[in-house]
Amino acid sequence: MEMDKLVSLCKRRGFLFQSSEIYGGIQGFWDYGPLGVELKRNIKEAWWRDMVSGHDELTQQQGTPSTYEMTGLDCTIIMHANVWKSSGHYDLFHDFMVDCRQTKKRYRHDQVRGRWVKAKEQRVFIATVAETALEDEDTQRRALKFFNLRAKHAEQLQWDTGYLNLTEVEDLTQVLGPDAKEVGTLTEPREFNLMFKTFVGALSGEEGTAFLRPETAQGIFVNFKNVLDSTRVRIPFGIAQIGKSFRNEITPRNFTFRSREFEQMEIEFFCHPDNSQKWYQYWRDRRMKWYTDLGLSDQRLILREHDEDELSHYSTGTADIEYQFPFLPEGEYGELEGIAHRGDFDLRSHMEGKLDPNTNPLEVELNEHGKPKYRGSGKDLTYRDDLSGERYTPHVIEPSAGADRATLAFLCEAYTEDEQPDENGKMQKRVVMKLHPRIAPIKAAVFPLVKKDGMPEIAKKIYADLKPFFNVFYDEKGAVGRRYRRQDEAGTPYCITVDGQSMEDGTITIRDRDSLEQIRIATDDVVDEIRKRIIT
Ligand code: GAP
């Protein structure tokens, strides 16, 4: 599937719009249109229902280490600035960037890669931004242009290496920046903190400085004690949260994949340290299954365990669920969700401040008495098991998903082109969004075949019967074939049509979007039939 086609459908049918488009747009920010907002809400609701409100805490499910409880939170986006000092984000949440002196463009150092090529006795590193499917074509075209060669002389280009990351290139003077015309225009990499800064109240100095949260997770950790004290949850249990996060990404790209404002769906699962590995395995498998149950193909989905050198400073294990997005180069995958074993890092950090360098490689600033300058909240965030009497700092398993990335993956997976005969038997190209019925923005469309003979009245009655339960759509304009095709593009799984026979025997047809099969049932059974098909 070509990404351009999906991007254009998303705009044309109202799934996604560039934010502030009439002012020229703002990079890294996206608005969900009338169909998109329903799709994303359905994804978030499916997640909440499957992970939190629908979770059966009394019965041990197959493959689960034990029964467990799930609860939720909705925390603020702006929190006390010390939250980010303890979490490590204030000091460590940065990327390295390089600037191009010629084009004034800025790139994330680790997202630039390229190949060394020799021609006309000069060796140059042709850099490009990773995550672009056209990379090979683009690199060759730019190399030809740089050496002033025609395409028919491409054999004069001697490619020395395969793709290397820019981080592996020591001398930047021989690098042709991704958008530059000359070599040596990239600056040395510099640190760039990804948190958006703002000011709270009338104070504009350091005291008033606050940050937009870069992850929802910290709201959960700082409320751990509140949840324990206000509910009767016992370990093992999970706290879930869905909400906006903000990261001032240096190079937002690939539609909504890397945005500056996005939504996360995170669970912090608290367990006894002795059982943490079992829970880590459990959540990896459980989360992977969630995506396939909702329609992502396991051919395009992988669970990738991080290598030791990729692990964050606090993590003893992390696995990413990755999807083969169509905008990525062949064979490459993009992260949908990370499942991390965070140990006791977060709760201890909020108790003690930035952790000791002997246990974690974080720099701790010491005061004149050799004691850490910053000591966290100082609050006791340990857990006491009221049955065994044991007191300990729980370990945490964190399945952290992006609602926008999940939405994008479901959109990519759903986009399908096929050919179907029209009313006159002529083959017509059809674009159909094969979204799982649970997440489809519109569950059913109701059509009278024609706008007369009492058909609209019956169709409107069916619409009114369904509307309290499902998002349904009524349409009586134009040829029925065109109405079907519009709903195919919107991903509507069922179209209900009132026709001549309905007037005689009180039946209607239900057309299935994917199989195109039409069944005829009694009008009175429509609500039950749609319910049966949507709630699987
Ligand atoms: N609390 C852990 C955490 O935030 P992360 O891997 O940085 O981990 C989790 O983010 C998920 O949030 C990612 O797997 C991705 O789905 C989503 N995400 C992160 N940055 C994003 C961005 N710039 N745009 C869209 N989604 C993003």
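The values are calculated or read from the model by the stated rules, or taken from the named source; none is laboratory data. Note that the coordinates shown come from a computational prediction; the quantities given were computed from them, not determined experimentally. Ideal geometry is used to build each Cβ from the backbone, glycine not excepted, and the neighbour counts take in all protein chains shown. SASA here: full protein model, heavy atoms, side chains in, ligands and nucleic acids out. Shrake-Rupley method; radii C 1.70, N 1.55, O 1.52, S 1.80 Å.
Would you check if S8 is away from the ligand (no atom under 16 Å from the Cβ), part of a helix (DSSP H, G or I) and among the hydroxyl-bearing types (S, T, Y)?
yes
Within the stretch 299-314, count every residue that is surrounded by fewer than 18 Cβ atoms within 10 Å (Cβ to Cβ), in contact with a helix residue (DSSP H, G or I) (Cβ under 8 Å, 6 or more places away or on another chain) and modelled with pLDDT under 95.
Qualifying residue count, the stretch 299-314: 1.
Name the residue, out of P214, P236, that is in contact with a strand residue (DSSP E or B) (Cβ under 9 Å, 6 or more places away or on another chain) and either among the basic types (K, R) or more than 16 Å from the ligand (Cβ to nearest atom) (or both).
Going through P214, P236 in turn, the sole match is P236.
Criterion first (closer than 30 Å to D4 by Cα, in a loop (DSSP other than H, G, I, E, B) and not aromatic (F, W, Y)) does A127 satisfy it?
no
Quick check: anything in the stretch 53-67 among the acidic types (D, E) and closer than 27 Å to S312 by Cβ?
No, the stretch 53-67 contains no residue that is among the acidic types (D, E) and closer than 27 Å to S312 by Cβ.
Of the conditions (1) modelled with pLDDT under 95; (2) touching a Gly at 6+ places or on another chain (Cβ under 9 Å); (3) open to solvent by 50 Å² or more (accessible area, probe 1.4 Å), Q62 fails just one. Which one is it?
The single condition Q62 does not satisfy is (2).
Please state which one of F255, F345, F325, F269 is among the aromatic types (F, W, Y) and surrounded by fewer than 22 Cβ atoms within 10 Å (Cβ to Cβ).
F255
Listed residues I302, I267, I321; which is closer than 28 Å to G378 by Cα, under 17 Å from the mean Cα position of the chain (by Cα) and among the β-branched types (V, I, T)?
Checking each option against the conditions leaves just I267.
State all residues of the stretch 486-500 that are open to solvent by less than 80 Å² (accessible area, probe 1.4 Å), farther than 15 Å from K460 by Cα and not aliphatic (A, V, I, L, M); if no residue qualifies, say none.
Q487, D488, E489, G491, T492, P493, Y494, G500
Evaluate the following for N165: is it within 16 Å of the ligand (Cβ to nearest atom), touching a residue at least 40 places away in the same chain (Cβ under 8 Å) and either among the acidic types (D, E) or open to solvent by 20 Å² or more (accessible area, probe 1.4 Å) (or both)?
Spelling it out, it is not the case that N165 is within 16 Å of the ligand (Cβ to nearest atom), touching a residue at least 40 places away in the same chain (Cβ under 8 Å) and either among the acidic types (D, E) or open to solvent by 20 Å² or more (accessible area, probe 1.4 Å) (or both).
Out of the residues in the stretch 216-249 meeting the condition of being in contact with a helix residue (DSSP H, G or I) (Cβ under 8 Å, 6 or more places away or on another chain) and assigned to a loop (DSSP other than H, G, I, E, B), tell me which one is surrounded by the fewest Cβ atoms within 10 Å (Cβ to Cβ).
V233
Does any residue in the stretch 15-28 that is more than 29 Å from A440 (Cβ to Cβ) come within less than 7 Å, Cβ to Cβ, of a residue that is among the hydroxyl-bearing types (S, T, Y) and loosely packed, with under 13 Cβ neighbours inside 10 Å six or more places away or on a different chain, and which pairs are these?
Here the result reads I26/S20, each pair linking the stretch 15-28 to a residue that is among the hydroxyl-bearing types (S, T, Y) and loosely packed, with under 13 Cβ neighbours inside 10 Å.
Identify the residue in the stretch 398-432 that is more than 19 Å from the chain's Cα centre (by Cα) and of a type in the set (A, V, I, L, M, F, W, C) and, among all such residues, is least open to solvent (accessible area, probe 1.4 Å).
V432
Within the stretch 43-71, track down each residue that is acidic (D, E) and part of a strand (DSSP E or B).
Hit for the stretch 43-71 is E69, nothing else.
Look through E322, E261, E310, E266 and report the one residue that is within 24 Å of M97 (Cα to Cα), within 10 Å of the ligand (Cβ to nearest atom) and among the acidic types (D, E).
E261
Tell me the residue from E332, E268, E310 that is among the acidic types (D, E) and farther than 30 Å from K105 by Cβ, please.
Residue meeting the stated conditions: E268.
Has the stretch 372-391 got any residue that is buried (at least 19 other Cβ atoms within 10 Å of the Cβ), within 16 Å of the ligand (Cβ to nearest atom) and at pLDDT 95 or above?
There is no residue in the stretch 372-391 that is buried (at least 19 other Cβ atoms within 10 Å of the Cβ), within 16 Å of the ligand (Cβ to nearest atom) and at pLDDT 95 or above.
What residue, among those in the stretch 422-481 that are outside any strand (DSSP E or B), more than 20 Å from P493 (Cβ to Cβ) and basic (K, R), is modelled with the lowest pLDDT?
For the stretch 422-481, the residue satisfying everything is K426.
Anything in the stretch 202-215 that is in contact (Cβ under 8 Å) with a residue 40 or more places away in the chain and either open to solvent by less than 30 Å² (accessible area, probe 1.4 Å) or over 30 Å from V396 (Cα atoms) (or both)? List them, or say none.
Answer for the stretch 202-215, where residues must be in contact (Cβ under 8 Å) with a residue 40 or more places away in the chain and either open to solvent by less than 30 Å² (accessible area, probe 1.4 Å) or over 30 Å from V396 (Cα atoms) (or both): T209, A210, F211, R213, P214, E215.
Being within 17 Å of I239 (Cβ to Cβ) and either more than 16 Å from the ligand (Cβ to nearest atom) or assigned to a loop (DSSP other than H, G, I, E, B) (or both) is the filter here; which residues of the stretch 269-285 pass it?
Within the stretch 269-285, C271, H272, S276, W279, Y282 qualify.
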